[in-house]
Amino acid sequence: MDLTEIVSTPAGDARVTWFPAAGTPKAVLAVGHGAGGGIEARDLRALAAALPPRGMSVALVEQPWRVAGKKLAPAPKALDAAWTALWPALARPGLPVVAGGRSAGARVACRTAKALGAAGVVALSFPLHPPGRPERSRADELLNAGVPTLVVQGGRDPFGRPEEFPAEFPAELPPGSELVTVPYGDHGFAVPKSADITQPEALALLTDAVAGWLAGWPAARPEPRE
């Protein structure tokens, strides 16, 4: 059963939908949505269903622009400011908080993780560059996250296929950083019917990768401090 709360931020009200862990939770995975959709995204919903039975609470976060019904996301600084303002609500349970997000939400998580004391980052469909514009790389955001980072990327994501990620990732990030590929997945982790992996199998691969990474070590560590 999920619980919803409204959190005030300088950009307006954000909304957090909680999916509490079964039993004693080990950590909170807070996940923001992308610029083109909300928390109904298939990967976010899959995590919200799969992780609580494995001892991880999930918080799906809707940015104020989305709560207000606007169609366009604001500038990155506004997204970061809202995420920063709602972070205390995510940390309230007193557990390590892993910052997560898909697409634009992954960028927010990377940009703010170290300053907020996130235990790690889960970046789903990190938009390494705009489609067809590899010269406009956003790799610096990823490389400067400063905390252990898991990237889960679709094999045919036009915003950055796994083989396009820089050699510096994950070598230049703290131990435990990884890049996991969902074969045939697009930016939303949809797989074509002709693929030799089904849609449920693709999502199971994604959720297993995130659950295994969280259970392996980052969630058991205290939140990093400056």
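The values are calculated or read from the model by the stated rules, or taken from the named source; none is laboratory data. Being a predicted model, the structure only gives us computed values, none of them experimental. Every residue, glycine among them, receives a Cβ derived from its backbone with ideal geometry; neighbour counts consider all protein chains shown. Accessible surface is based on the protein model in full, side chains and every heavy atom, while ligands, DNA and RNA are left aside. Shrake-Rupley method; radii C 1.70, N 1.55, O 1.52, S 1.80 Å.
Here are the numbers for this structure:
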item: Surface per residue (accessible, 1.4 Å probe) for region 1-143, Å²; result: 40 Å²
item: Highest-MSF residue in the chain out of A41, A75, A115 [GNM, Cα springs under 10 Å]; result: A75
item: Estimated distance in nm for a label pair at A68 and D186, the labels positioned 7 Å out from Cα along Cα-to-Cβ; result: 3.0 nm
item: Gaussian network model of the chain, springs between alpha carbon atoms under 10 Å - residue of G36, G176, G105 with greatest fluctuation; result: G36
item: Backbone N within region 1-22 under 19 Å of label point (7 Å from K77 Cα along the Cβ vector); result: 9-12
item: Pair D208, R136: separation of 7 Å Cα→Cβ label points (nm); result: 3.7 nm
item: Net lengthening on full extension, A215/A195 (0.36 nm per residue, minus Cα-Cα); result: 4.2 nm
item: Per principal axis, descending, Cα span of the chain in whole Å; result: 42, 37, 36
item: Accessible-area composition of the chain, carbon plus sulfur, in percent [1.4 Å probe]; result: 56 percent
item: Sorted largest first, extent of region 1-107 alpha carbons per principal axis (Å); result: 38, 27, 22
item: Backbone HN-Hα couplings from phi across region 58-63 [Karplus 6.51/-1.76/1.60, Hz, Gly and Pro as x]; result: 10, 10, 8, 10, 9, 5
item: Computed over the chain: relative contact order in percent, which uses C-alpha pairs under 8 Å that are six or more apart; result: 18 percent
item: Among I6, A68, C110 the positive-end extreme of the charge dipole of region 1-130 (Cβ point charges); result: C110
item: For T149, residues with placed amide H under 5 Å, excluding near neighbours; result: V121, S177, E178
item: Gaussian network model of the chain, Cα within-10 Å springs - most flexible of A195, A82, A11; result: A195
item: Hydrodynamic radius by Kirkwood, which averages 1/r over all alpha carbon pairs of region 46-158, in angstrom; result: 14.9 Å
item: For A27, distant residues with modelled amide H under 5 Å away; result: S57
item: Amide H contacts of G32 (H built 1.01 Å from N, under 5 Å, at least 5 apart or other chain); result: V61, G100, G101, R102
